[in-house]
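Comments concern the structure below.
Derivation of every value follows stated rules applied to the coordinates shown; laboratory data play no part. Source: prediction; values computed, not measured. Neighbour counts are summed over all protein chains in view; Cβ atoms, including those assigned to glycine, are modelled from backbone coordinates with ideal geometry.
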């Protein structure tokens, strides 16, 4: 699985980059400036749908094959191979990026006088999620048997669930699904990615499903980077993208064949 541990995340990243470009072109050329409505059956829109479908099919086939023939090792540290110092170093860096983006988000909202209760809750939960993500990486590197990791891995899930609630409140009355569907898919898959990561901590591993969600999250988060979101939101999505790319590679690399 060593080759696939590089090829599958790379495939998701390349497809995500191509999807981000198509999404950028779609926002420029397909949506009407005055009405905000998309052009029906636009070639760019169909191309992006097709790219997403092909990638998801490839990832689903890979996940089914993985679930049928391979097992993850017992314990999070063994399943992902977190004995290297590179793991806490990379995730600490990504956690700092996430935390910095959260601070920037609050500063930007405060400067625009848009600080509401929802903004404040989002900032607090996002900050806790960023800190938890980097502390979790340090914890499983030092001693994965301590119960602190079980608490830390839940915090990003709570934040992502709250983000989904905010997304629903923001777009519930918007009839143009195409304007926010990739953003919704990005947050949904990111939420599930943290959920399946926690599964390994709680001794409920699902390597096939986890691999699929990691790769899907990488793709949809990258596509969403083309949307007109604040830079701070894009940085959070970029940090989550990198986390899932790293986790997918580490998980696939450490899978072992089932003994018949």
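Data for the structure
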item	result
Rounded to 10°, Cα long-axis angle of helix 43-69 versus longest principal axis of the chain	10 degrees
Rg to Rh quotient for the chain, alpha carbon positions, Kirkwood Rh	0.98
Gain upon complete extension [residue 145, residue 256; 0.36 nm per residue less C-alpha separation]	37.8 nm
Span from the region 234-255 Cα centroid across to the region 82-118 one, whole angstrom	16 Å
Listed residues 100, 36, 16, most fluctuating in the chain (Gaussian network, C-alpha, under 10 Å)	36
Projected label distance in nm at residue 46 and residue 107, using a 7 Å step from Cα toward the beta-carbon	4.6 nm
Shape of region 81-182, Cα gyration tensor, a/c cut at 1.5	prolate
Between helix 181-201 and the chain: long-axis angle, C-alpha atoms, 0 to 90°, nearest 10	20 degrees
Net lengthening on full extension, residue 71/residue 171 (0.36 nm per residue, minus Cα-Cα)	32.0 nm
Residues 150, 160, sorted so that the one with the fewest Cβ neighbours within 10 Å comes first	150, 160
222 nm mean residue ellipticity, helices alone, for the chain (DSSP H n ≥ 4; -39,500 (n - 2.57); rounded to 500)	-26000 deg cm²/dmol
Degrees separating the helix 86-111 axis from the principal Cα axis of the chain, which is the longest one	30 degrees
Top of 97, 246, 165 by mean-square fluctuation, Gaussian network on the chain, Cα under 10 Å	165
Residue order, fewest to most surrounding Cβ atoms within 10 angstrom, among 214, 171, 196	171, 196, 214
Residue order, fewest to most beta carbons within 10 Å, for 107, 213, 57, 187	57, 107, 187, 213
Virtual paramagnetic centre 7 Å along Cα→Cβ of residue 204, amide N under 16 Å, in region 123-154	150-154
Gaussian network model of the chain, springs between alpha carbon atoms under 10 Å - residue of 118, 84, 72 with greatest fluctuation	84
